[in-house]
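Please read the structure below before turning to the comments.
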Amino acid sequence: MKMMRYSLDQLIKEADKLPPIPQAAQKALALIRSPESSASALSRVIEMDQVLTTQVLRWANSAYYGMENRISTVQQAIVVLGLEIIQELIMTYSFSDRLYKPLPGYELQRGELWQHALGTAIGAKLISKKLHLKIDEDAYFAGLLCDIGKLVFEKLLRESEINRSEWGQHSFLELERNSFGIDHAMLGAEIARRWQLPENLVTAIAHHHEPQSAENHVLLVAAVHVVDVSMMTLGVGIGIDGLQYPLDNAALNRLGMTFEDLFHLIEQVAEQCAKAKEMISIV
Ligand SMILES: [Fe+2]
């Protein structure tokens with residue numbers, strides 16, 4: 001395989017070209033996480049952004065479709081949806097344009113990476129809830145963002161002279177490491193650091209393909225890993241390398257889960273994904 005001309009610094013520069021998290025969304029997420037958050041403070045932040053305001057009202061009205069009174073203020077919407085759902089919706093919506101686009105460098109059609117990210121987010125959160133890990137929202141965000149490094153490599157892979165016949169024989173992880181020196185997990189963690197995301201999310205992104213290499217936040221890392229691999233194996237949001245990502249059984253054991261639990265979980269993920277997609281309705 002041919003090594004390309006990119007240094008780590010250049011890759012990071014490429015990563016810096018990605019649009020940052022929209023300011024209003026960033027402020028709203030920080031506020032929800034702060035112990036002093038209140039529905040009125042949050043609604044003030046959301047109302048400063050017209051697009052986010054319209055979305056929040058649309059989500060609340062679609063979730064409570066058929067209610068006698070339409071939800072017409074952001075504060076009402078926050079009350080009916082709850083902080084947890086509002087947080088997830090803002091996060092998902094903020095990243096949807098980046099995650100929804102096609103990634104031809106990975107042979108991913110429009111919407112495939114997004115589908116994978118949403119499923120991994122929902123699955124990781126379900127594991128956190130089931131095991132009472134109390135990291136539900138972090139698990140959701142880590143699942144949603146675990147592959148953000150692919151957004152940078154995608155363009156470079158497309159422009160590269162990699163022999164496409166090699167693609168079926170190697171996972172993209174190997175292809176990335178051999179071509180760029182690092183893989184999308186490590187680059188994704190660097191992007192998350194630059195976006196000043198919390199350290200547990202950075203760790204989960206960095207180790208989502210090799211959970212045994214994580215020293216901290218091991219349950220969060222294990223949760224993201226098992227759902228990510230399951231989605232890949234089921235063919236949700238994979239390129240041609242989907243079966244080249246092995247499940248680390250130790251991660252499943254660490255979560256105290258069996259294969260049967262995992263199959264059951266994936267069924268729930270499919271149901272919740274369908275609902276979430278309806279609500280967010282990007283298409
Ligand atoms: Fe990945």
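Quick one: is PHE180 assigned by TED's automatic domain parsing to the domain that holds ALA142, more than 13 Å from the ligand (Cβ to nearest atom) and modelled with pLDDT of 75 or more?
yes
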Segment 176-194 residues that are within 15 Å of GLY105 (Cα to Cα), paired with ones that are more than 13 Å from the ligand (Cβ to nearest atom) and small (Gly, Ala, Ser) (beta carbon under 7 Å, 6 or more apart)
SER179/SER160
Of the conditions (1) in the same structural domain as MET91 (by TED's automatic domain parsing); (2) farther than 22 Å from PRO198 by Cβ, the single one that GLN10 does not satisfy is (1)
Counting only helices (runs of 4 or more DSSP H) wholly inside segment 39-137, the ones holding at least 3 residues that are under 23 Å from the mean Cα position of the chain (by Cα) and under 23 Å from HIS225 (Cβ atoms) are 83-100, 112-130
Would you please name the residue that is surrounded by the most Cβ atoms within 10 Å (Cβ to Cβ), looking only at residues in segment 127-155 that are more than 16 Å from the ligand (Cβ to nearest atom) and hydrophobic (A, V, I, L, M, F, W, C)?
ILE127
Number of the exception - MET257 against (1) under 18 Å from THR120 (Cα atoms); (2) hydrophobic (A, V, I, L, M, F, W, C); (3) modelled with pLDDT under 90; (4) in a loop (DSSP other than H, G, I, E, B):
(3)
Matching entry among ALA124, ALA63 (being surrounded by 15 or more Cβ atoms within 10 Å (Cβ to Cβ) and either modelled with pLDDT of 85 or more or in the same structural domain as HIS209 (by TED's automatic domain parsing) (or both)):
ALA124
Tell me which residues, restricted to segment 169-203, are closer than 13 Å to LEU11 by Cβ, acidic (Asp, Glu) and assigned to a helix (DSSP H, G or I).
GLU176, GLU190
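The values are calculated or read from the model by the stated rules, or taken from the named source; none is laboratory data. This is a predicted model, so every value here is computed, not measured. A quick note on method: Cβ atoms are made from the backbone with ideal geometry, for glycine too, and the neighbour counts reach across all protein chains shown.
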